[in-house]
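Step one of this worksheet: look at the structure below.
The values are calculated or read from the model by the stated rules, or taken from the named source; none is laboratory data. Remember, it's a predicted structure, so these values are computed and weren't measured experimentally. Positions of Cβ are generated from backbone atoms using ideal geometry, with glycine treated the same way; all protein chains shown enter the neighbour counts. The protein model used for the area step is the full one, side chains on, heavy atoms only, and it has no ligands, DNA or RNA in it. Shrake-Rupley method; radii C 1.70, N 1.55, O 1.52, S 1.80 Å.
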Amino acid sequence: MCESESRAVGLIGNPVAHSLSPAFQQAAFDACELPLRYELWQTETDEIPERLRRIRDGNALGANVTVPHKEAVTTLMDDLSQTALRIGAVNTVIRNGASLIGDNTDAHGFIVPLREGSFEFDSSNAVIVGAGGAARAVVVALLDAGIRSLAILNRNVERARRLATQAGDTRVSAAPLSALGDHVVAARLIVNATSVGWSGEPSPVELSLLERAPRDAIAYDLTYRETAFLTTARAAGLATIDGLPMLVHQGARSFELWTGVNPPVNVMWEAAVLARAAKGD
Ligand code: NDP
């Protein structure tokens, strides 16, 4: 760990080299003429306390946190936002004097594209495939937005049940992946919140079931590249959203929390699109 943290913001995770965040955050800092650098802080689990100490004692504004450290970091913050507490994970660290505040902007990032599309939450049922950290943010976002009902389907159904119980809301239920066909027929939103889109593994669900969804349903994949889930949904006539808008909007909210400046979202979006194309995703 030899990077300077002076007037910097960094990404804490392992790995971090693939991230698009430096491209669009640096574009935003530069567009707003802020003398800040966005750095990659590759961090092993046993290095997290030292990494946070250096932010606390140094001059950095804060950090983003990504896989696999989002949960571990929560216990090391001086304070947590209500959203971070409810999600049980931190993706944004803000330094306030010598205190570190943990927040989570993933729920905000997830919901913005749906709001921009005037999605009718209160009359819609949603299905989430996946029950990991990202799914927890999606559950909080959809409940707060007023979704009518929410079914969490996961390979490890116990994990889905735990998430449903933690949500503490009668609108939320849990089921195994094999129940997708039953749920999809009445769903206006089908979210892939598994990590399968990156690895090229076979789809976690029977994709032909997407053809049973209502014609006005939206298929939303948190992966920010084309996936079999999105391709199949589009072929079935569904509208689709990939994970890039979520990534940019979670980053825009983080930018605002660090700097207090209104984020230049269009600048961030254009830089993210270019960076994604350059990485060939
Ligand atoms: P986690 O590791 O916490 O969870 C992974 C999920 O994927 C679990 O539900 C797991 O099921 C499921 N899964 C993994 N492999 C398989 C498989 N072969 N078959 C069925 N299910 C599988 O990851 P996160 O929740 O943190 O991230 C999930 C995805 O969301 C990632 O692709 C990540 O990049 C993306 N993401 C995107 C963001 C954005 O801004 N666009 C923000 C945050 C995340 P099980 O419990 O059974 O193991």
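Matching residues to (1) within 16 Å of the ligand (Cβ to nearest atom); (2) under 22 Å from THR105 (Cα atoms); (3) out of contact with any Asp or Glu (no Cβ under 7 Å at 6 or more places or on another chain):
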{"position": "VAL139", "(1), (2), (3)": "yes, yes, yes"}
{"position": "ALA145", "(1), (2), (3)": "no, yes, yes"}
{"position": "SER149", "(1), (2), (3)": "no, no, yes"}
{"position": "ARG155", "(1), (2), (3)": "yes, no, yes"}
{"position": "ALA164", "(1), (2), (3)": "yes, yes, yes"}
{"position": "THR170", "(1), (2), (3)": "no, no, yes"}
{"position": "LEU177", "(1), (2), (3)": "yes, no, yes"}
Per the filter on the stretch 162-175, residues under 18 Å from ALA134 (Cβ atoms) and surrounded by fewer than 17 Cβ atoms within 10 Å (Cβ to Cβ) are ARG162, GLN166
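Residue check: is SER178 more than 23 Å from GLY243 (Cβ to Cβ), surrounded by fewer than 23 Cβ atoms within 10 Å (Cβ to Cβ) and either in contact with a strand residue (DSSP E or B) (Cβ under 8 Å, 6 or more places away or on another chain) or hydroxyl-bearing (Ser, Thr, Tyr) (or both)? Don't jump to the end; show me each part of the working.
On the way: more than 23 Å from GLY243 (Cβ to Cβ): yes; surrounded by fewer than 23 Cβ atoms within 10 Å (Cβ to Cβ): yes; either in contact with a strand residue (DSSP E or B) (Cβ under 8 Å, 6 or more places away or on another chain) or hydroxyl-bearing (Ser, Thr, Tyr) (or both): yes.
Against the criterion (more than 23 Å from GLY243 (Cβ to Cβ), surrounded by fewer than 23 Cβ atoms within 10 Å (Cβ to Cβ) and either in contact with a strand residue (DSSP E or B) (Cβ under 8 Å, 6 or more places away or on another chain) or hydroxyl-bearing (Ser, Thr, Tyr) (or both)), SER178 qualifies.
Among the listed residues ALA228, ALA235, ALA252, which satisfies the condition of being more than 8 Å from the ligand (Cβ to nearest atom), under 30 Å from LEU36 (Cα atoms), out of contact with any strand residue (DSSP E or B) (no Cβ under 9 Å at 6 or more places or on another chain) and of a type in the set (Gly, Ala, Ser)?
Going through ALA228, ALA235, ALA252 in turn, the sole match is ALA252.
Do we have any residue at all in the stretch 237-250 that's open to solvent by less than 70 Å² (accessible area, probe 1.4 Å) and over 17 Å from VAL112 (Cα atoms)?
Filtering the stretch 237-250 down to residues open to solvent by less than 70 Å² (accessible area, probe 1.4 Å) leaves 237-250.
Adding the requirement that they be over 17 Å from VAL112 (Cα atoms) leaves 237-238.
Yes, there is a match, as at least one residue in the stretch 237-250 is open to solvent by less than 70 Å² (accessible area, probe 1.4 Å) and over 17 Å from VAL112 (Cα atoms).
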In the stretch 184-234, what count of residues is obtained for those that are surrounded by 15 or more Cβ atoms within 10 Å (Cβ to Cβ) and either acidic (Asp, Glu) or in contact with a Cys (Cβ under 7 Å, 6 or more places away or on another chain) (or both)? 1
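Table: residues versus (1) farther than 16 Å from PHE255 by Cβ; (2) touching a strand residue (DSSP E or B) at 6+ places or on another chain (Cβ under 9 Å); (3) modelled with pLDDT under 95; (4) within 14 Å of the ligand (Cβ to nearest atom).
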| site | (1), (2), (3), (4) |
| --- | --- |
| SER21 | no, yes, no, yes |
| GLN26 | no, yes, no, no |
| PRO49 | yes, no, no, no |
| ALA63 | no, yes, no, no |
Has the stretch 73-86 got at least one residue that is part of a loop (DSSP other than H, G, I, E, B) and crowded, with 21+ Cβ neighbours inside 10 Å? no
Across (1) part of a helix (DSSP H, G or I); (2) in contact (Cβ under 8 Å) with a residue 60 or more places away in the chain; (3) open to solvent by 20 Å² or more (accessible area, probe 1.4 Å), LEU114 clears everything bar (3)
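Which of the strands (runs of 3 or more DSSP E) found entirely inside the stretch 1-71 contain at least 1 residues meeting this: farther than 22 Å from ALA84 by Cα, of a type outside the set (A, V, I, L, M, F, W, C) and open to solvent by less than 70 Å² (accessible area, probe 1.4 Å)? Please lay out each step first, then the result.
Values: elements: 8-13, 37-42, 62-65.
The qualifying strands (runs of 3 or more DSSP E) are 37-42.
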